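Shown next, in C-alpha cells, is the structure this report addresses.
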Amino acid sequence: MAEEAEELRALREQPAPRIVPFQDGDKDGSSPDPSTKSSSTWKQQLLAGCSPTKRLPILSWIRRYEVEDALSDLIAGVTLGLTMIPQSIAYATIAGLPSQYGLYAAFMGSLVYVFCGTVREVSIGPTSLMSLLTLQYTAGRPLQYVIVLAFTSGLVELAMGIFRLGFLVCLISVPVTSAFTSATALIIIGAQLGNLLGLPRASTDGGFFATVWSVLHRLPDTAPGDATLGIGCMVILIALQYLPRLVPAGRNRRLHRILWYVSLARNALVVLLATLLAHHLSDTPGGVPFRLSGRVEPGIPTFEWPVQGVTANGTTTTFLEITAELGSGLLLVPLVAVLANVAIAKAFAADGGAVDATQELIALGLCNVIGACFRAMPTTGAFTRSAVSHASGVRTPLSGLYSALLTLLALGVLTPYFYYIPRATLAAVLIVAVASMLDLALVRRLPRSPASLADLLAWTVCFAVCLVRGVEVGLLCGMAVSLLEPLRHWVWPRAHCTTNPSHRLIRPHLGLLYPGVDRLRAVVLAEARAHRAPIVLDCAQFVALDYSAVRALRELADEVERLGGTLRLANVRATWQQALQLHETTDHPAGTWVFRRPEGSAPPVVAQQAAGEGGTGMMHDCIGLGWIVYV
C-alpha cells in the first residue's frame, strides 16, 4: 500500500460519510447491559447469532442507502474494477492457471462479499499470496486440485467463523508476517523475471535462489522484444505511480484528483496500451516481437459441485484422495487468507469501530466455497485494492457489485482481446505491484527496544526458510520460533525477591502454569534454605492457574515445611481460594493464606520423621514421584 499512502493522506482531509454496518447491542448503538447478557441463555445467543441481519449485513445498511451513496459506490466500484481486472489476470499466471481463473475469482469474491461483508473497503479476490500458495500445492497437477483447494479452504474458514477460531491468527507475529510477505514478494519477482525477459519457461523446484540462478544462466537467451516491452512497462508504471505528486492537492485539488485517478488506473492503462500495440503488430509482416498470453475462455462457467474426482492419464483421483495430496495446504492456505483479510478489515474499520471477525471469517469462507462452485481459485482480501476503494470514497460494500459487473463484462466481451496481452506486460505489472510488499526496513528496528533479538531471529528464520524451502514451510518455522519467546516466560518465569522484617516476599511476574512449576519451585526452595523466615508468595500478578500448578503449590508448601519454614500465599483471588483449599492465617503478616490440611493428618516434618523411624517408608518415594501422602 505504499504507493497510495500520499493520496490517502490528502483525501482523508474530507472523509466520506460512513454507513455504519450492523453492530451488536441496542438500537442507539450502546453496548448491551452485562446483567442482561449474563441472563440470556445459550439458545437465545445461538438464535441471535443466526439472525438474517447478523449474517447478511446488507439487510442492515441497505435501508439507509441513498442516491449520493450509490454515486460514490459507482465511482469507487469502477475504479476498483479497472485495478482488479489486470491484477486478476496477472495473479492467475502466478498460480500457473489460465487467465480466466483469476477473473472468476474476482467476480465471485466481489459479488458474495456485497451480501456478507461488513467492511466497505475490503476487496475480495485473487492476491499474490494466495496465488503463490496455490502454485506451491497444485503445480503440475490438474486444474481440479485448484478448485478443491479453494473449496476446502472455504470450509475451513467457515468452521473458524462458526467456532470463533479467528484468534489463531494471533499466533503469527508481526515480524513473521513481515518476513513472510517480503519473501513472497521476492519469490514472485524472481518467478516473473523469465516472463519479463522472454526466456523459455524452466522447471526449477529449488526455491528462490535456484530460480534466480536459472535466469542468470539463461541471460544470453533473452528475447529483445519482451525485455524492451517489459522494462518499458515497468518504467511507465513507476512514473504513473508518482504522477499525482506533480500537482499537490493544496495547489490545484481538481487537477490533483484527475492525476490521482490516472495513477490508480495505471495497470489497466499499461495493459490496454500494450494490448493495442500487440494487436496492431499482429497485422504487420514482421508479426508480434514478444510472447502473448494466448486464448482466454469467455463467460462464466456453469455451477458445478466441486466434491468430485478428476481423471488424468487414465487414472481417476477421488475427492478425498485430492484432499489428502493437498496436505498442509488445507490448513495453511485458509490461515494465511484469514490473517490477510482480518488485518485489512481492522486497518480500514479503525475509524468505524470494532470488526466482527466472526462474520468476516464466514464471509471469506462463503466467497471461497461459492467461488469454487464456479471454478474460482482461492481468494482473500487485497491490501492494494482495499486502499483504492478507501481512497475512491467508497460508502458501502455495494461498490463490489459494480466491480463484479465490470469483471463480468470483461469475461463476456473482452476475452477475445485478452489473447493479445503480452506476458512481459503482465510480469511488469506483478513486479511493480509486489515490490511494495518488501518490508526490509523492519529488520533495522527489530533489535531496538522494545523489540527483542527473538523477533529478529523469527524474522530471519521465516525469511530464509521461505526463500530456500517454500513459503508454507517458512511460515510454520517462523511461527514456531516466534512462539519460543512467550513460551520462555512461562517455562522460566521471573520472580522478584525482597526481604521484610518478618518474612521473605517472592513476587512472580506471570501466572503459574505447568511449564513454570519447576522453575518457581527451585526459587522458593532456595529462599527457604537460605532464610528461616516465612516465605510469602505474592499472587497479585497471577493471571492463570492450571491443575498442575494448584497441585504443585500444595506440594511446595509441604516441602518448605519439611525444611523448617512456612509457605504463605498473598493476594489470592477469591475464586482460587476454594480451589487451592486455603484458609486465612492470623499470624504476621496479616492477609496471607495457608493450605488447609485434612483433619487427623500429621505435618510433613512429622511424617518424614515417622518414615525414618521405621514407618511405611513410602513418603520419600511418593514425594519423589510428585504425589502427596498424608499419614
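The values are calculated or read from the model by the stated rules, or taken from the named source; none is laboratory data. Small disclaimer: the values here were computed from a predicted structure and weren't measured. Cβ atoms come from the backbone with ideal geometry, glycine included; neighbour counts cover every protein chain shown. The protein model used for the area step is the full one, side chains on, heavy atoms only, and it has no ligands, DNA or RNA in it. Shrake-Rupley method; radii C 1.70, N 1.55, O 1.52, S 1.80 Å.
Within region 536-557, the residues that satisfy the criterion of being under 15 Å from Val523 (Cα atoms) and charged (D, E, K, R) are Asp538, Glu555.
Taken over region 194-206, the criterion of being buried (at least 18 other Cβ atoms within 10 Å of the Cβ) and out of contact with any Phe, Trp or Tyr (no Cβ under 7 Å at 6 or more places or on another chain) is satisfied by Gly194, Asn195, Leu196, Leu197, Leu199.
Screening Ile535 on (1) of a type outside the set (D, E, K, R); (2) farther than 21 Å from His489 by Cβ; (3) in contact with a helix residue (DSSP H, G or I) (Cβ under 7 Å, 6 or more places away or on another chain); (4) open to solvent by 10 Å² or more (accessible area, probe 1.4 Å) shows it passes everything except condition (4). Just one of the listed residues (Gly400, Gly371, Gly381) is under 16 Å from the mean Cα position of the chain (by Cα) and in the same structural domain as Gln136 (by the TED database), and it is Gly381. Here the helices (runs of 4 or more DSSP H) wholly within region 327-402 that include at least 2 residues being in contact (Cβ under 8 Å) with a residue 24 or more places away in the chain and closer than 26 Å to Gln241 by Cβ are 329-348, 383-391.
Restricting region 120-163 to residues that are among the polar types (S, T, N, Q) and over 16 Å from Cys373 (Cβ atoms) leaves a set whose member that is surrounded by the fewest Cβ atoms within 10 Å (Cβ to Cβ) is Gln136.
Listed by position, the helices (runs of 4 or more DSSP H) inside region 446-535 whose residues that are under 30 Å from Ala179 (Cβ atoms) number at least 2 are 453-469, 471-491. Say whether the condition of being open to solvent by 40 Å² or more (accessible area, probe 1.4 Å), assigned by the TED database to the domain that holds Pro501, within 38 Å of the chain's Cα centre (by Cα) and not aromatic (Phe, Trp, Tyr) is met by at least one residue in region 553-573. Checking region 553-573: at least one residue is open to solvent by 40 Å² or more (accessible area, probe 1.4 Å), assigned by the TED database to the domain that holds Pro501, within 38 Å of the chain's Cα centre (by Cα) and not aromatic (Phe, Trp, Tyr).
The condition of being touching a residue at least 60 places away in the same chain (Cβ under 8 Å) and part of a helix (DSSP H, G or I) holds for only one of Ala268, Ala210, that being Ala268. Tell me, please, whether a residue that is in a helix (DSSP H, G or I) and more than 20 Å from Thr275 (Cα to Cα) can be found in region 91-98. Within region 91-98, not a single residue is in a helix (DSSP H, G or I) and more than 20 Å from Thr275 (Cα to Cα). Checking the stated criteria, Cys497 turns out not to satisfy the condition of being within 38 Å of the chain's Cα centre (by Cα) and not hydroxyl-bearing (Ser, Thr, Tyr). Being within 19 Å of Phe595 (Cα to Cα), open to solvent by 20 Å² or more (accessible area, probe 1.4 Å) and basic (Lys, Arg) holds for only one residue in Arg529, Arg521, and it is Arg521. Have a look at Val468, Val473 and point out the one that is more than 24 Å from Glu584 (Cβ to Cβ), in contact (Cβ under 8 Å) with a residue 60 or more places away in the chain and open to solvent by 40 Å² or more (accessible area, probe 1.4 Å). Exactly one residue qualifies, and that residue is Val468. You will find that of Leu484, Leu525, the residue that is farther than 30 Å from Leu446 by Cα, without any contact (Cβ under 8 Å) to a residue 40 or more places away in the chain and among the hydrophobic types (A, V, I, L, M, F, W, C) is Leu525 and no other. A single entry from Leu277, Leu273 fulfils the requirement of being modelled with pLDDT of 90 or more and buried (at least 16 other Cβ atoms within 10 Å of the Cβ): Leu277. Applying the condition of being small (Gly, Ala, Ser) and over 22 Å from the mean Cα position of the chain (by Cα) to region 86-119 and asking which residue is surrounded by the fewest Cβ atoms within 10 Å (Cβ to Cβ) yields Gly96. Selection of first residues in region 577-591 that are over 14 Å from Leu553 (Cβ atoms) and of second residues that are open to solvent by 80 Å² or more (accessible area, probe 1.4 Å) and at pLDDT below 75, restricted to Cβ pairs under 6 Å at least 6 apart or on distinct chains, gives the following pairs, ordered by first then second residue: His583/Arg596.
Taking the numbered list (1) within 29 Å of Thr407 (Cβ to Cβ); (2) open to solvent by 30 Å² or more (accessible area, probe 1.4 Å) in turn, Asp226 passes all entries but (2).
If you check Phe180, Phe167 for being part of a helix (DSSP H, G or I), of a type in the set (Phe, Trp, Tyr) and free of Cβ contacts under 8 Å to residues at least 12 places away in the same chain, only one passes: Phe167.
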